[in-house]
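Enquirer: Okay, handing you the structure first.
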Amino acid sequence: MAALRDPSCGVGAGGPRAGKSRWRLLVLLLCGSFLPVVTGLLEGLYCGTEVCYDVLGVTREASKAEIARAYRQLARRYHPDRYRQDEPGEEEAATDKFLLIATAYETLKDEESRRDYDYMLDHPEEYYQHYYAYYRRQLTPKVDVRVVILVTICAISIIQYYSWNNSYNKAINYLVTVPKYRIQATEMAKQQGLLNRPKEKGKNRRSKEEIREQEEEVIRHIIKNNIDIKGSYQKPNLSDILLCQMVLLPYYLSSYLAWYASWIYRFTLCREEYGEQEKLYVIRRYMKLSQSQFDSLEEETRQSYLERQLWIKENYEVYRKEQEEEMKVKMATDPRMKRYRRWMKNEGPGRLTFMDD
């Protein structure tokens, strides 16, 4: 005889299994209430809860011309300056309507914005991606990046030329005060007849200050035209500023490639002997000097490099070691270096003291 079950333990009577199922259902409902509602229209993006196509009265397949035509018609109708208000409060509603129409047009007239908007309508579940795409476009500068780069290069070039010209003028002003260059410039001015002028009489007679200023200008002009300044204080050249360098970059690059190919062909494949310019180039590369630094050396110094045949690697290594030994001897015998080493040993840079030198 079959035994009877206790009704309190049955599934249909609301036993433990039924209680667990109800708790799971309740937890799912609570969790679902906190999830965002999946919809193709997000408040604060584009036209908000309105469809931009419906705002303009066009379909999703409408062309740019149809969208522009619909916008012009609605703008003429709802523009605040032309809208006729029959009842109080309609002016504010018309303004909101006009802003919504303008927003719809701004969204659909641009191909990229329209593509993102259509993607939002087709994929409403990716709301975080829609927020990111919308605000990325809103915060991105509307100016072309190429224009920004060009303006930046021009600004840097102007500052570079002004700074370079300022340094050059400072160097000229200093050289004018050096007796050596001043005497040479005065002699050259006298030889050219720039300072030997007849005495002026009558109304055209100038004061001593005016004559002295003119003489200073003549001396300055002669020094500027005859002095050979190398390095950072040399005369500014437009071809060396950043803008011209960027424009001439293809020419420089092609010239360098042609020169490098010729170097490989002549001195590596054909085994030709170096000329004087090639020897100086190899020496400069060994010394790791720029072209301007190497050009600033005295002519006698460069000739001594050629006499010692420093373009040969072994000879240059011997020369480099000799220079290092001379520098060590100089540092050991120089009184200033001795005082510096004594100060570093006894006191060091951690103390603040008075020194004779």
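Enquirer: Percent of accessible area on the stretch 222-334 owned by carbon and sulfur, 1.4 Å probe?
Expert: Numbers: 4480 of 8290 Å².
Heavy-atom surface of the stretch 222-334 belonging to carbon and sulfur, 1.4 Å probe: 54 percent.
Enquirer: Which entries in the list LYS288/LYS321; LYS170/LYS224; LYS224/LYS288; LYS170/LYS288; LYS180/LYS224; LYS190/LYS224 go over 19 Å, if you measure between the two C-alpha atoms of each? Don't skip to the answer; put the middle values down first.
Expert: Working: LYS288/LYS321 15 Å; LYS170/LYS224 12 Å; LYS224/LYS288 30 Å; LYS170/LYS288 29 Å; LYS180/LYS224 14 Å; LYS190/LYS224 17 Å.
Among LYS288/LYS321; LYS170/LYS224; LYS224/LYS288; LYS170/LYS288; LYS180/LYS224; LYS190/LYS224, the Cα-Cα distance tops 19 Å for LYS224/LYS288; LYS170/LYS288.
Enquirer: What distance in nm separates the two pseudo spin-label positions at LEU150 and ASP118, each 7 Å out from Cα along the beta-carbon direction?
Expert: About 3.2 nm separates the two model spin labels.
Enquirer: Shifting gears a bit: Rounded to whole Hz and in sequence order, give me ³J(HN,Hα) for the stretch 63-72 from the Karplus expression 6.51 cos²θ - 1.76 cosθ + 1.60, θ = phi - 60°, writing x for Gly and Pro.
Expert: Running phi through 6.51 cos²θ - 1.76 cosθ + 1.60 with θ = phi - 60° gives 7, 5, 5, 5, 5, 5, 5, 5, 5, 5 Hz.
Enquirer: How many percent of the accessible area of the stretch 102-179 is carbon or sulfur, using a 1.4 Å probe?
Expert: Numbers: 3260 of 5290 Å².
Solvent-exposed carbon and sulfur of the stretch 102-179 make up 62 percent of the total.
Enquirer: Still on this model: How big is the stretch 214-278 in terms of Cα radius of gyration and Dmax, in angstroms?
Expert: Cα radius of gyration and Dmax of the stretch 214-278 are 19.6, 61 Å respectively.
Enquirer: Oh, and also: What net charge is computed for the residues neighbouring VAL176, neighbours being all others with C-beta under 12 Å from the C-beta of VAL176, Lys and Arg scored +1, Asp and Glu -1?
Expert: Working: positive: LYS170, LYS180, ARG182, ARG220, LYS224; negative: GLU215, GLU216, GLU217.
Local net charge: +2.
Enquirer: Can you tell me, using C-alpha contacts under 8 Å and at least 6 residues apart, the relative contact order of the stretch 241-321 as a whole percent?
Expert: Details: 22 pairs, mean separation 17.1, N = 81.
For the stretch 241-321, the relative contact order is 21 percent.
Enquirer: Expected output is a single nm value to one decimal: the length gained when fully extending between TRP263 and ILE159, i.e. 0.36 nm times separation in residues minus the C-alpha distance. What is it? Before the final figure, lay out each step's value.
Expert: Numbers: separation 104, 0.36 × 104 = 37.44 nm, distance 3.72 nm.
That pair, TRP263 and ILE159, stretches by 33.7 nm at full extension.
The values are calculated or read from the model by the stated rules, or taken from the named source; none is laboratory data. These numbers come from a predicted model, not from an experiment. In this analysis, Cβ positions are derived from the backbone assuming ideal geometry, glycine residues included, and neighbour counts consider all displayed protein chains. Surface areas here come from the heavy atoms of the whole protein model, side chains and all, with no ligands, DNA or RNA. Shrake-Rupley method; radii C 1.70, N 1.55, O 1.52, S 1.80 Å.
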